[in-house]
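Since the structure comes first, as structure tokens, the remarks are kept for the end.
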Amino acid sequence: MEQTIRQVLPVDPPPRLLMGPGPITVDPRVLRAMSAQLVGQYDPAMTAYMNETMALYRSVFRTVNEQTFLVDGTSRAGIEAALVSLLSPGDKVLVPVFGRFGHLLREIAERCGAEVHVREVPWGEVFTLEQLEEAVREVRPKLVALVQGDTSTTMNQPLEGVGEVCHRHGALLYVDVTASLGGNPFEMDAWGVDAVTAGLQKCLSGPSGSAPISLSPRAVAVIDARRSTEAGLRADPDSEEGLAPRAARIRSNYFDLAMVMDYWSEKRLNHHTEATTMLYCARECARLLLEEGLDAAVARHALHGRAMLAGVQGLGLRVFGDVAHKMHNVVAVWIPESVDGDAVRAAMLGDYGIEIGTSFGPLAGRTWRIGTMGYNARKDAVLVTLAALEQVLRAAGAPVAVGGGVQAAQEVYA
Ligand SMILES: Cc1ncc(COP(=O)(O)O)c(C=O)c1O
């Protein structure tokens, strides 16, 4: 056993260019921030970083919401925290599903004990505002839970007007922006979004492991009404004064956003031990995004996304879904009939060190997903990926236009 352990070498991953639907290659500046030494949980340096992180993400989400902070865990931790804190058993929730991550919202809402109402459009499409309003009018939900960019289909659900519709019918609006934030426009306050959660591993150029979240005063009011404090933190553990009735309390300790808010507020009431390294990471991701400028970052994703789209079309590949509603940062292409999709991905990785993505559910084995996001939304990354894909497809015997991919992308850049 000891012998085997001695043979375990230090971590030294092979160099890769991650051009799938995320995670993507991390910006080296983010990796540097993550290698900084820890400080204590209540060190003034730490609480200052926490406050700065809150302020940075207010700008990233375009909100003035005081309650803007991080949930420790991957993006689905943020989703689960938002839904379990907002939904009580029996609450009605409407989940418009247009891909895998809509199904995830449905599944999490069901586990919260909510009465879940689903509406679906075929993969590759998005909902119209009229469809959403009709569903809200029929269901009369407490909450509408929606994905903005669903990486499984590459579609970007338009959100303008959705918050207004929800509020007119007395519902809150939750949006998952994990895959779209930073690469596509998002306006929390202007669009009337009540709760939003994200991740770092897509357009924010970081790894997964931290979920930025923001809550409107309306959402905070719902959570506050379910507030409790752990017995061991109360001066009198036996007294439940000021706490919500037991049946109303949030059905998770880790994801109890009332307690997490107390931790991030000036009360600094102990909850979990903040994942300091991920805090450094999330802070640096937001800092870099804002240093570039949100609009500039979105424009960069739009440009390189257009180049990749033109490039795959220039190779003669067919693009999946309604391209007019595609996210800027990922494209799905039909795998040509004559080739083995997994063998092509393996050759891209083995011969060129480039990762492109496979797909889920009804698209598994039928489409590849190619990302241009975060640190890899760059001209050289786009051109190298297209050049490699051409070579691999030709070697696999697929009929591709020689030089067509790189040339079409170069025309976008010209
Ligand atoms: C839209 C969306 N939501 C949620 C997730 C889940 O994120 P995680 O794997 O970080 O939990 C993803 C991951 O790809 C995503 O694209």
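Numbers at a glance
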{"read-out": "Unmet requirement for T63, which otherwise passes all of (1) within 16 Å of the ligand (Cβ to nearest atom); (2) over 20 Å from T273 (Cβ atoms); (3) open to solvent by less than 80 Å² (accessible area, probe 1.4 Å)", "value": "(1)"}
{"read-out": "Number of the condition not met by V30 [criteria: (1) closer than 21 Å to G209 by Cβ; (2) open to solvent by less than 60 Å² (accessible area, probe 1.4 Å); (3) free of Cβ contacts under 8 Å to residues at least 40 places away in the same chain]", "value": "(3)"}
{"read-out": "Residue count, region 143-182 (criterion: more than 12 Å from the ligand (Cβ to nearest atom) and within 28 Å of I370 (Cβ to Cβ))", "value": "4"}
{"read-out": "Looking only at region 109-141, and only at residues there that are more than 16 Å from the ligand (Cβ to nearest atom) and in contact (Cβ under 8 Å) with a residue 60 or more places away in the chain, the one that is most open to solvent (accessible area, probe 1.4 Å)", "value": "E125"}
{"read-out": "Exclusive hit being crowded, with 22+ Cβ neighbours inside 10 Å, within 16 Å of the ligand (Cβ to nearest atom) and within 23 Å of C285 (Cα to Cα), set G99, G78, G73", "value": "G78"}
{"read-out": "Total residues in region 33-53, condition open to solvent by less than 30 Å² (accessible area, probe 1.4 Å) and part of a loop (DSSP other than H, G, I, E, B)", "value": "0"}
{"read-out": "Lone qualifier among A190, A211, A235, A219 - being in a loop (DSSP other than H, G, I, E, B), in contact (Cβ under 8 Å) with a residue 12 or more places away in the chain and either of a type in the set (G, A, S) or closer than 21 Å to L279 by Cβ (or both)", "value": "A190"}
{"read-out": "Test: residue in region 146-160 that is open to solvent by less than 10 Å² (accessible area, probe 1.4 Å) and over 26 Å from A377 (Cα atoms)", "value": "no"}
{"read-out": "Residue check for R227: away from the ligand (no atom under 13 Å from the Cβ), in a loop (DSSP other than H, G, I, E, B) and open to solvent by 10 Å² or more (accessible area, probe 1.4 Å)", "value": "yes"}
{"read-out": "Filter pass, T4 being surrounded by 16 or more Cβ atoms within 10 Å (Cβ to Cβ), away from the ligand (no atom under 16 Å from the Cβ) and among the β-branched types (V, I, T)", "value": "no"}
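The values are calculated or read from the model by the stated rules, or taken from the named source; none is laboratory data. The structure displayed is predicted, hence computed values, not measured ones. Don't worry about glycine lacking a Cβ; one is built from the backbone with ideal geometry, like all the others, and counts go over all protein chains shown. SASA here: full protein model, heavy atoms, side chains in, ligands and nucleic acids out. Shrake-Rupley method; radii C 1.70, N 1.55, O 1.52, S 1.80 Å.
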